[in-house]
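Asks: This structure is in structure tokens; I'll ask about it shortly.
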Amino acid sequence: MISFKQASLEAKAAVAAGVVFLSMMLSRSYLSEKLDLRMRRWLLRLQMALFANALMLIGSLHVWRSIVTTFSRASVASSFCFMPWKITVFMFLALAHSSFFTLLFLVAEEPYFFSLAAYTCLGAYIILIFFLFTLGSVEQAYKLLAGKGAKAGTGNRNRPAMKPVLAVLLTVVLTVVGLLNASQPPAVNSVEVPVHKLSSTMNNLKVVLLSDIHLGPTVGKTKLAMIVRMVKALKPDITVIVGDLTDSEAEILRPAVEPLGELASPLGTYFVTGNHEYYTSDVSNWFELLKSFNIRPLHNENVKIVSPQSTEDWFCLAGVDDIEADAMRYSGHGMDLKRALGGCSSEHAIVLLAHQPVAAKWALQERPDINLILSGHTHGGQIFPLNAGAYLLNPFFVGLYKVGQNTFVYVSPGTMYFGIPMRLGSRAEITEIILRSP
């Protein structure tokens, strides 16, 4: 049996990732009640950063061997540019790895340049890994089909360098495109949704949907102020924020979140938690801060939205906690649909706010009389090639879905982005939902 010392670096990185993951599970089970909130918050983030970096190390070793070691064997290695190239690749990988630690040390009212650079490198890293793997797979398949596997390594010395060069070029192009796309203001998408049992006095009621703003290392006050200006221009009757507003503590981001105080929808502004709110371990403080801006958190509860024309006409707007609160053993939180819909009868229309599409699926299995569910979480995949994974892992991916005869689910692609300031194959969105009575 091969000893740990004799194992490859990739194997050691995989073992390290497993150890960190096990420590995360153990700390959630046995230490969550013994540590104070601040210590628990730091421990969780440190564990997540270490776990991500251990996994990334496997990819980073492959990147280094593909675009540095391979070049060293080619005649291009004699070029005076080779040493700067090695330094550039090392700095690129170091920045990508450091991105997860910015949540611990570099969150403020506006993003630090280092955080933007680090997360940009992380996005480019993901794209580069994909192309190196894809081009390598295509090359191997070609050799097998052509019967040339035995001749690998013969021919032009520079031929092995062609694959990594192509991967790097594609990565650079897509990174620039992704950065430019994400730098644009969110698109305003207007969607009409027929709502069964909605009173005619509430026909054309306008709900503006925000999701996945992710205030934190790469999204700050300036971008949030832009979003608020766009929402105010739409003049919604109701504004809803369906989770992942933030990636850090309320105390740190208090100045950045101030623009939300300018939202003044006549029938109210409402909020439900996403998984990232629980990663902050600061949900109670966020609830209090949002309440100070007249934004009401729906913590497994509901409100009656009464027609401005008739107090007899109303519908039930409910919100559930994110499903990951249960997985994280977050005290007093977790999806509780029965409690959230308490008092919501099928005689009136029911609109549910649930951050994750999986939660929307579970809710409809339990209460098929829900008429409309508003979700987010998927980001539309945010960047290529993560789009495919997000599509496969979620029962509803992005946009409007009809379920049964009288139910619709709308999944926002997100109003900003998480960490990586890029969008590829997706577009940030502010959704204007027009409710239509039957």
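Asks: Which numbered condition in (1) modelled with pLDDT under 95; (2) under 26 Å from Pro255 (Cα atoms) is the only one that Arg296 fails?
Replies: Here Arg296 meets the rest and fails (1).
Asks: Return the pair list, or none, for Cβ contacts closer than 6 Å from residues in segment 426-438 that are closer than 9 Å to Gly414 by Cα to residues that are assigned to a strand (DSSP E or B) and open to solvent by 20 Å² or more (accessible area, probe 1.4 Å), at least 6 apart or on different chains.
Replies: That search, which allows pairs on different chains as well, returns Arg427/Ala187; Glu429/Ala187; Glu429/Asn189; Ile430/Val188.
Asks: Additional query: Outside any helix (DSSP H, G or I), modelled with pLDDT under 85 and either farther than 18 Å from Thr171 by Cβ or open to solvent by 60 Å² or more (accessible area, probe 1.4 Å) (or both): which single residue out of Phe80, Phe51 fits that description? Lay out the reasoning, then the answer.
Replies: Details: Phe51 fails: outside any helix (DSSP H, G or I).
Among Phe80, Phe51, only Phe80 is outside any helix (DSSP H, G or I), modelled with pLDDT under 85 and either farther than 18 Å from Thr171 by Cβ or open to solvent by 60 Å² or more (accessible area, probe 1.4 Å) (or both).
Asks: In addition: Please find, within segment 340-366, the residue that is modelled with the lowest pLDDT out of those that are in contact with a Lys or Arg (Cβ under 9 Å, 6 or more places away or on another chain) and either surrounded by 22 or more Cβ atoms within 10 Å (Cβ to Cβ) or not small (Gly, Ala, Ser) (or both).
Replies: Just the residues of segment 340-366 that are in contact with a Lys or Arg (Cβ under 9 Å, 6 or more places away or on another chain), to begin with: 341, 343-344, 346-350, 352, 366.
Next, from what is left, pick out any that are either surrounded by 22 or more Cβ atoms within 10 Å (Cβ to Cβ) or not small (Gly, Ala, Ser) (or both): 341, 344, 347-350, 352, 366.
Numbers: Leu341: 94, Cys344: 89, Glu347: 86, His348: 90, Ala349: 93, Ile350: 94, Leu352: 97, Glu366: 92.
Ranking the qualifying residues of segment 340-366, first place goes to Glu347.
Asks: Could you grab me the full set of residues in segment 418-427 that are open to solvent by less than 10 Å² (accessible area, probe 1.4 Å) and not basic (Lys, Arg)?
Replies: To start, the set of residues in segment 418-427 that are open to solvent by less than 10 Å² (accessible area, probe 1.4 Å) comprises 419, 422-423.
Residues satisfying the conditions are Gly419, Met422.
Asks: Are any residues in segment 194-236 modelled with pLDDT under 95, among the charged types (D, E, K, R) and under 21 Å from His355 (Cα atoms), and if so, which ones?
Replies: Once the filter is applied, which keeps residues that are modelled with pLDDT under 95, among the charged types (D, E, K, R) and under 21 Å from His355 (Cα atoms), segment 194-236 yields nothing.
Asks: Also, I was wondering about something else. Is it the case that Ala187 is among the hydrophobic types (A, V, I, L, M, F, W, C) and more than 27 Å from Phe101 (Cα to Cα)? Break it down stepwise before answering.
Replies: On the way: among the hydrophobic types (A, V, I, L, M, F, W, C): yes; more than 27 Å from Phe101 (Cα to Cα): yes.
Against the criterion (among the hydrophobic types (A, V, I, L, M, F, W, C) and more than 27 Å from Phe101 (Cα to Cα)), Ala187 qualifies.
Asks: Related question: Out of Ile241, Ile252, which single residue is within 27 Å of Ala327 (Cα to Cα), hydrophobic (A, V, I, L, M, F, W, C) and more than 20 Å from the chain's Cα centre (by Cα)?
Replies: Working: Ile241 fails: more than 20 Å from the chain's Cα centre (by Cα).
Just one listed residue meets the conditions, Ile252.
Asks: May I pose another question? When only residues in segment 237-252 that are open to solvent by less than 10 Å² (accessible area, probe 1.4 Å) and of a type in the set (Val, Ile, Thr) count, which is farthest from Ser284 (Cα to Cα)?
Replies: Among residues in segment 237-252 that are open to solvent by less than 10 Å² (accessible area, probe 1.4 Å) and of a type in the set (Val, Ile, Thr), the one farthest from Ser284 (Cα to Cα) is Ile238.
Asks: When you scan segment 310-318, do you find a residue that is part of a loop (DSSP other than H, G, I, E, B), touching a helix residue (DSSP H, G or I) at 6+ places or on another chain (Cβ under 9 Å), crowded, with 24+ Cβ neighbours inside 10 Å and not polar (S, T, N, Q), even just one? Reasoning before the result, please.
Replies: Of the residues in segment 310-318, the ones part of a loop (DSSP other than H, G, I, E, B) are 310-313.
Next, only the ones that are touching a helix residue (DSSP H, G or I) at 6+ places or on another chain (Cβ under 9 Å) stay: 310, 312-313.
Pick out the ones that are also crowded, with 24+ Cβ neighbours inside 10 Å and you get none.
No, segment 310-318 contains no residue that is part of a loop (DSSP other than H, G, I, E, B), touching a helix residue (DSSP H, G or I) at 6+ places or on another chain (Cβ under 9 Å), crowded, with 24+ Cβ neighbours inside 10 Å and not polar (S, T, N, Q).
Asks: Confirm whether Leu400 is open to solvent by 30 Å² or more (accessible area, probe 1.4 Å), of a type in the set (A, V, I, L, M) and part of a strand (DSSP E or B).
Replies: Numbers: open to solvent by 30 Å² or more (accessible area, probe 1.4 Å): yes; of a type in the set (A, V, I, L, M): yes; part of a strand (DSSP E or B): yes.
The answer is yes for Leu400.
Asks: Is one or more of the residues making up segment 232-247 assigned by the TED database to the domain that holds Ile373, of a type outside the set (Val, Ile, Thr), out of contact with any Leu (no Cβ under 9 Å at 6 or more places or on another chain) and free of Cβ contacts under 8 Å to residues at least 24 places away in the same chain? Step through it out loud before you land on a result.
Replies: Within segment 232-247, the subset assigned by the TED database to the domain that holds Ile373 is 232-247.
Among the residues that remain, those that are also of a type outside the set (Val, Ile, Thr) are: 232-237, 243-245, 247.
Right, trim to out of contact with any Leu (no Cβ under 9 Å at 6 or more places or on another chain) and you get 233-235, 244.
Those left that are additionally free of Cβ contacts under 8 Å to residues at least 24 places away in the same chain: 233.
Within segment 232-247, one or more residues are assigned by the TED database to the domain that holds Ile373, of a type outside the set (Val, Ile, Thr), out of contact with any Leu (no Cβ under 9 Å at 6 or more places or on another chain) and free of Cβ contacts under 8 Å to residues at least 24 places away in the same chain.
Residues checked against (1) open to solvent by 40 Å² or more (accessible area, probe 1.4 Å); (2) closer than 20 Å to Val351 by Cβ; (3) among the aliphatic types (A, V, I, L, M):
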{"site": "Thr201", "(1), (2), (3)": "no, yes, no"}
{"site": "Ile213", "(1), (2), (3)": "no, no, yes"}
{"site": "Ile227", "(1), (2), (3)": "no, no, yes"}
{"site": "Ala264", "(1), (2), (3)": "yes, no, yes"}
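Asks: Val207 - would you say it is touching a strand residue (DSSP E or B) at 6+ places or on another chain (Cβ under 6 Å), not basic (Lys, Arg) and not assigned by the TED database to the domain that holds Leu135? If you could, list the steps in order and put the result at the bottom.
Replies: On the way: touching a strand residue (DSSP E or B) at 6+ places or on another chain (Cβ under 6 Å): yes; not basic (Lys, Arg): yes; not assigned by the TED database to the domain that holds Leu135: yes.
Taking the combined requirement at face value, the residue satisfies it.
Asks: A further question follows. Which one is farthest from Ala340 (Cα to Cα), of the residues in segment 367-389 that are open to solvent by less than 20 Å² (accessible area, probe 1.4 Å) and in a helix (DSSP H, G or I)? So that I can check it myself, show each step before the final result.
Replies: Filtering segment 367-389 down to residues open to solvent by less than 20 Å² (accessible area, probe 1.4 Å) leaves 370-376, 378-383.
Then drop every residue that is not in a helix (DSSP H, G or I), which leaves 379-381.
Details: His379: 25, Gly380: 27, Gly381: 29 Å.
Among those residues, the one meeting the criterion is Gly381.
Asks: Using the structure shown, decide if His333 is within 24 Å of Ile213 (Cα to Cα), part of a loop (DSSP other than H, G, I, E, B) and open to solvent by less than 10 Å² (accessible area, probe 1.4 Å). If you could, list the steps in order and put the result at the bottom.
Replies: Values: within 24 Å of Ile213 (Cα to Cα): yes; part of a loop (DSSP other than H, G, I, E, B): yes; open to solvent by less than 10 Å² (accessible area, probe 1.4 Å): no.
So His333 fails the test.
Asks: Name the residues in segment 267-289 that are in contact (Cβ under 8 Å) with a residue 24 or more places away in the chain, in contact with a strand residue (DSSP E or B) (Cβ under 8 Å, 6 or more places away or on another chain) and either more than 22 Å from His379 (Cβ to Cβ) or not hydrophobic (A, V, I, L, M, F, W, C) (or both), would you? Give the steps one after another, and end with the answer.
Replies: Residues of segment 267-289 that are in contact (Cβ under 8 Å) with a residue 24 or more places away in the chain, as a first pass: 267-283, 285-286, 288-289.
Among the residues that remain, those that are also in contact with a strand residue (DSSP E or B) (Cβ under 8 Å, 6 or more places away or on another chain) are: 267-274, 276-277, 280, 286.
Selection gives Leu267, Gly268, Thr269, Tyr270, Thr273, Gly274, His276, Glu277, Thr280.
Listed here are the residues, each with its yes/no results for (1) over 19 Å from Asp247 (Cα atoms); (2) small (Gly, Ala, Ser).
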residue: Glu262; (1), (2): yes, no
residue: Thr273; (1), (2): no, no
residue: Thr280; (1), (2): no, no
residue: Leu289; (1), (2): no, no
residue: Ile295; (1), (2): no, no
residue: Ile305; (1), (2): yes, no
residue: Ser310; (1), (2): yes, yes
residue: Asp313; (1), (2): yes, no
residue: Met328; (1), (2): no, no
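The values are calculated or read from the model by the stated rules, or taken from the named source; none is laboratory data. Since the structure is predicted, the reported quantities are computational estimates derived from the model, not experimental observations. With ideal geometry, Cβ positions are generated from the backbone for all residues, glycine too; neighbour counts draw on all protein chains shown. Calculation scope for accessible area: heavy atoms of the full protein, side chains included, ligands and nucleic acids excluded. Shrake-Rupley method; radii C 1.70, N 1.55, O 1.52, S 1.80 Å.
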